[in-house]
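Undergrad: Below you'll find the structure I mean.
The values are calculated or read from the model by the stated rules, or taken from the named source; none is laboratory data. Predicted model, so just to flag it, every value in this text is computed and none were measured. Here the Cβ positions follow ideal geometry from the backbone for every residue, glycine too, while neighbour counts run over all protein chains shown.
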Amino acid sequence: TTSNTAVTKISSPSSSTSRVNKRYQPKFKKEWLSNSFFATFLREYKTDQTKALCITCNIQFSIQTSGLGDINHHIQTKSIKIV
């Protein structure tokens with residue numbers, strides 16, 4: 001005899017419906033160098049796009065948290081001035 005047993009299919013959400021939370025990481029934008037103030041001290045850090053180089057302080061610093069906000073924070077903490 002055959003039994004009439006209902007089978008419930010359990011499936012995982014497909015990749016098109018599941019959400020992947022990718023966090024945006026700001027990267028250096030060369031357009032920042034068109035600002036005459038930034039151009040006096042800021043350079044692209046060639047080996048890592050999530051960092052910038054300050055030629056006044058001779059250090060690289062991260063811009064991956066807020067991009068331009070990180071640059072402005074560096075200006076305030078290091079007292080960068082127009083020469």
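Undergrad: Just a yes or no: is a residue in segment 56-65 more than 16 Å from P26 (Cβ to Cβ) and not β-branched (V, I, T)?
TA: yes
Undergrad: Could you give every pair whose Cβ atoms fall below 6 Å, whose first residue belongs to segment 42-58 and is within 14 Å of I71 (Cα to Cα) and among the hydroxyl-bearing types (S, T, Y), and whose second residue is in a strand (DSSP E or B) and modelled with pLDDT of 95 or more, counting only separations of at least 6 or pairs across chains?
TA: Note: pairs meeting the criteria are Y45/K51; Y45/A52; Y45/L53; Y45/Q60.
Undergrad: Out of S15, S34, which single residue is out of contact with any Cys (no Cβ under 6 Å at 6 or more places or on another chain), more than 18 Å from K78 (Cα to Cα) and modelled with pLDDT under 95?
TA: S15
Results for (1) surrounded by 12 or more Cβ atoms within 10 Å (Cβ to Cβ); (2) among the β-branched types (V, I, T); (3) not in a helix (DSSP H, G or I), shown as yes or no for each residue.
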| site | (1), (2), (3) |
| --- | --- |
| F38 | yes, no, no |
| Q49 | yes, no, yes |
| A52 | yes, no, yes |
| T65 | no, yes, yes |
| I75 | yes, yes, no |
